[in-house]
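Read through the structure below, which is laid out as structure tokens, and then see the notes.
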Amino acid sequence: QLQLVESGGGLVQPGGSLRLSCAASGFTWDYYTISWFRQAPGKEREGVSCISRGGRTKYADSVKGRFTISRDNAKNMVYLQMNSLKPEDTAVYYCAADKYGRIPNFAAAYYDYWGQGTQVTVSS
């Protein structure tokens, strides 16, 4: 059974850091493009960061310089290091996998598999 599982969310103060992890099971995703999306209450889902099979990355303007995406294909893992967190980063974060390995993009329709999400709350 193909499955993505996110972990690492939680409550953090503004300026703090969190590292999200996305684990794949049931398939190997060496050739997949993997993205992180987020959705805050009352807002549309938005793309946050993306990494292609070749390691090319893409970031939303709102997180550039603060977030870093990486992948470890040997472990079937993708990570999102989030630094200098702001209250506006509060959202449920989802990882998603594009089995066709397209160039980094935030078109949700291209993603075949989605995790259940992990809550990130930035508040003092």
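The values are calculated or read from the model by the stated rules, or taken from the named source; none is laboratory data. Note that the structure is predicted; figures quoted are calculated from it, not measured. Here the Cβ is made from the backbone with ideal geometry for all residues, glycine too, and neighbour counts use every protein chain on show. Keep in mind that these areas ignore ligands, DNA and RNA; they rest on the heavy atoms of the full protein, side chains included. Shrake-Rupley method; radii C 1.70, N 1.55, O 1.52, S 1.80 Å.
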Among the residues of region 32-51, write down those that are over 13 Å from Met77 (Cα atoms) and not charged (D, E, K, R). Phe37, Gln39, Ala40, Pro41, Gly42, Gly47, Val48, Ser49, Cys50
Selection from region 6-55 of residues β-branched (Val, Ile, Thr) and within 16 Å of the chain's Cα centre (by Cα) yields Thr33, Ile34, Val48, Ile51
Options Lys58, Lys86, Lys75: the member that is over 23 Å from Asp112 (Cβ atoms) and either of a type outside the set (Ser, Thr, Tyr) or touching a Ser or Thr at 6+ places or on another chain (Cβ under 8 Å) (or both): Lys86
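Conditions tested, residue by residue: (1) in a loop (DSSP other than H, G, I, E, B); (2) open to solvent by 60 Å² or more (accessible area, probe 1.4 Å); (3) aliphatic (A, V, I, L, M).
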{"residue": "Gly47", "(1), (2), (3)": "no, no, no"}
{"residue": "Gly54", "(1), (2), (3)": "yes, yes, no"}
{"residue": "Leu80", "(1), (2), (3)": "no, no, yes"}
{"residue": "Ala96", "(1), (2), (3)": "no, no, yes"}
{"residue": "Ile103", "(1), (2), (3)": "yes, yes, yes"}
Can you work out which of the residues in region 1-32 that are polar (S, T, N, Q) and modelled with pLDDT under 95 is most open to solvent (accessible area, probe 1.4 Å)? Gln1
